[in-house]
Amino acid sequence: MNRSIPRPTEGSLAPLEAGTVTLVGGGPGDPGLLTVAGLQALQQADVVLVDHLAPQESLAQCRPDCEQVWVGKLPRGEFVAQERINELLVKHALAGRRVVRFKGGDNFVFGRGGEEWQACAQAGVAVRIIPGVTSSVAAPALAGIPVTHRSLVQGFTVVSGHVPPGDPRSQLDWAALAATRTTLVVLMGVKYLPQIAEALVQHGMDPQTPAAVVERAGQPQMRQVRGPLGQIATLSRDVHPPAVTVIGEVAGLQLG
Ligand code: SAH
């Protein structure tokens with residue numbers, strides 16, 4: 001038997017152990033889209049470090065004596081520095097507590113889960129991951145957009161739009177993205193959507209390509225805007241983060 005493949009009882013539903021950190025993906029915001037294992041971890045935690053995109057309602061499931069530490073956006077719009085979050089995770093774990101790091105979506109999709117794991121590992125703290133429902137798939141889905149659709153598209157590409165095309169910090173090849181013939185899903189792309197759409201068109205993507213912007217998916221304030229790539233930035237100019245942009249033929253589907 002291959003011991004590296006855990007049986008379900010030894011896997012995500014195993015009780016949390018003292019002195020460990022569990023990275024829990026909270027899904028896009030609807031408490032119903034938190035996994036069973038994620039909910040169980042929250043219920044057992046001694047300390048939870050929470051982000052602003054994690055489903056806040058689910059925190060009501062924590063034990064009354066569970067310490068909830070807010071490490072998301074501060075009222076002034078600043079963030080708690082990642083180094084500080086890493087320190088807190090390690091500190092609480094070394095004090096023998098069952099620590100949960102609770103984030104929106106999936107911790108390994110633009111969630112810094114890898115960095116947190118490394119920081120814990122360096123301090124000798126054991127880490128578990130409970131994957132979450134990532135908004136990169138769930139936001140399109142909740143808007144009725146399948147990221148793949150047989151006969152239409154055979155894949156999807158998820159990228160971050162937090163720096164614009166052409167920015168020296170950007171590692172993305174926008175010419176390649178324009179040519180992939182996969183659905184393109186852009187996270188953190190509200191601010192630079194005009195530049196992103198323009199870069200894709202400049203690199204040869206048809207400005208008539210269907211696009212959609214899905215705001216606050218899985219939350220009561222959810223909205224979506226659909227339109228051709230060439231106009232999507234203008235059509236969605238009053239959309240605020242968090243929102244996911246979907247570009248490709250699937251964004252033009254009306255399933256019902
Ligand atoms: N780890 C998260 C992504 C974090 S980056 C995940 O897997 O979903 C933050 C970005 O995620 C936001 O800028 C937005 O693009 C997207 N996002 C997260 N929650 C969302 C939601 N409920 N609706 C729409 N977009 C969301």
Handout entry: Solvent-accessible heavy-atom area per residue, rounded to whole Å², over region 136-252 at 1.4 Å
Key = 50
Practice task
Treating only the Cβ atoms of Lys and Arg (+1) and Asp and Glu (-1) as charged, compute the dipole magnitude of the chain about its Cα centre; round to the nearest 20 debye.
Solution key: 200
Exercise for the section: May I ask for the distance between the Cα centers of region 42-56 and region 180-256, given as a whole number of Å? Expected result: 30
Handout entry: Chain lengthening between residue 36 and residue 254 when straightened (0.36 nm per residue, less Cα-Cα)
Key = 75.4 nm
Practice task
Give me the angle, in degrees from 0 to 90, between the Cα long axis of helix 193-202 and the longest principal axis of the Cα atoms of the chain, rounded to the nearest 10.
Solution key: 50
Exercise for the section: In whole Hz, with x marking every Gly and Pro, tabulate ³J(HN,Hα) for region 98-103 from phi via Karplus 6.51 cos²θ - 1.76 cosθ + 1.60, θ = phi - 60°. Expected result: 8, 9, 10, 9, 10, 10
Exercise for the section: Mind giving me the nanometre distance, one decimal, between the label points for residue 118 and residue 219, set 7 Å out from Cα along Cα→Cβ? Expected result: 3.0
Practice task
Hand me the GluC sites (Glu not before Pro) from region 7-83 located in a DSSP loop with no more than 16 other Cβ atoms within 10 Å, in residue order please.
Solution key: 17, 78
Fill in the blank from the handout: In order over region 77-87: 3J(HN,Hα) from phi, Karplus 6.51/-1.76/1.60, θ = phi - 60°, whole Hz, x for each Gly or Pro, gives x, 8, 10, 5, 4, 4, 4, 5, 5, 4, 4
Completion exercise
Where a ≥ b ≥ c are root eigenvalues of the Cα gyration tensor, a/c under 1.5 meaning rounded, otherwise prolate if a/b exceeds b/c and oblate otherwise, region 106-178 counts as oblate
Handout entry: region 136-252, accessible surface, carbon-and-sulfur percent (1.4 angstrom probe)
Key = 52
Completion exercise
One would report the antiparallel percent of DSSP beta bridges in region 20-133, rounded to the nearest 5, as 10
Completion exercise
per DSSP, antiparallel bridges as share of beta bridges in region 136-252, % nearest 5, sits at 75
Practice task
Between 244, 159, 36, find the one with the highest GNM mean-square fluctuation for the chain; connect C-alpha pairs within less than 10 Å.
Solution key: 36
Practice task
For residue 76 paired with residue 44, estimate the spin-label separation in nm (one decimal), with each label point 7 Å from Cα along the Cα-to-Cβ line.
Solution key: 3.9
Practice task
Work out the FRET efficiency for residue 238 and residue 17 from their Cβ-Cβ distance, taking R0 = 45 Å, and round it to the nearest 0.05.
Solution key: 0.45
Handout entry: residue 203 paired with residue 94, simple spin-label distance in nm, labels 7 Å along Cα-to-beta-carbon
Key = 4.4
Problem - Average accessible surface area per residue within region 72-122, 1.4 Å rolling probe, Å² - result: 54
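The values are calculated or read from the model by the stated rules, or taken from the named source; none is laboratory data. This one's a predicted model, so the numbers in the text were calculated from it and none came from an experiment. Neighbour counts are summed over all protein chains in view; Cβ atoms, including those assigned to glycine, are modelled from backbone coordinates with ideal geometry. Side chains are part of the model used for accessible areas, which takes the heavy atoms of the whole protein and leaves out ligands, DNA and RNA. Shrake-Rupley method; radii C 1.70, N 1.55, O 1.52, S 1.80 Å.
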